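Since the structure comes first, as structure tokens, the remarks are kept for the end.
The values are calculated or read from the model by the stated rules, or taken from the named source; none is laboratory data. Worth saying up front: this structure is predicted, and the values here are computed from it rather than measured. Every residue, glycine among them, receives a Cβ derived from its backbone with ideal geometry; neighbour counts consider all protein chains shown.
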Amino acid sequence: MQYLLMGIIAGSLTPFQTAVNSKLRQYVISPFLSSLISFLIGTIFLTIVILASGGQLLLTSHQVATIPWWAYLGGVLGMIGLTTNILLFPILGSVQTVIMPIMGQILMSMVIDNFGLFGADHHALSAMRLVGVVLLIIGVLVVVVLPGYLSRDKMEDNEHASVKLR
């Protein structure tokens, strides 16, 4: 239970991160510079945490030689995700900017689990998981797509009403 709570708390930080980095972008203009500053500050903070916990900062040559090449891509993927959120925030707003990546994370997690990719434990796509994905997609449609569709219909109704009144 405590691990589920930790996951929820970690997930609740994403909207804050997106909003803060989008605000930073307004000051530094570039979404890439905003992302770089964010990662640089994160790197400094992680360095302090590693040193304070007695960990080592450098990898051994054996570690470098045995780590699969794709395991180094986490930072690049994180940069793409963070920078994309910075770009989307002023366009989509907070809710949509956070919901769409979460939907992508859940869908890709299902693929990774189902096929055991990247050394992950294999968890077959069950009926329960499939129902969960369908509910997720319905939820995203209700929160993201439906309001835009309804407001577009309302605008079209107003346009037709104004034409009729002329």
### Task
Please find, among 100, 108, the residue that is out of contact with any helix residue (DSSP H, G or I) (no Cβ under 9 Å at 6 or more places or on another chain) and either under 25 Å from residue 132 (Cβ atoms) or in the same structural domain as residue 139 (by TED's automatic domain parsing) (or both).
108
### Task
Being at positive phi and small (Gly, Ala, Ser) narrows it down to one of 75, 93, so name that one.
93
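Would you pick out the residues in the stretch 113-144 that are closer than 15 Å to residue 92 by Cα and either at pLDDT 90 or above or surrounded by 12 or more Cβ atoms within 10 Å (Cβ to Cβ) (or both)? I'd like the intermediate steps shown before the answer.
We begin by selecting, within the stretch 113-144, every residue closer than 15 Å to residue 92 by Cα; these are 140-141, 143-144.
Across the stretch 113-144, the qualifying residues are 140, 143, 144.
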#### Entry: Conditions (1) touching a residue at least 24 places away in the same chain (Cβ under 8 Å); (2) more than 21 Å from residue 30 (Cβ to Cβ): number failed by residue 86
(2)
### Task
Answer yes or no: is there a residue in the stretch 23-34 that is in contact with a Pro (Cβ under 6 Å, 6 or more places away or on another chain), modelled with pLDDT of 90 or more and farther than 30 Å from residue 133 by Cβ.
yes
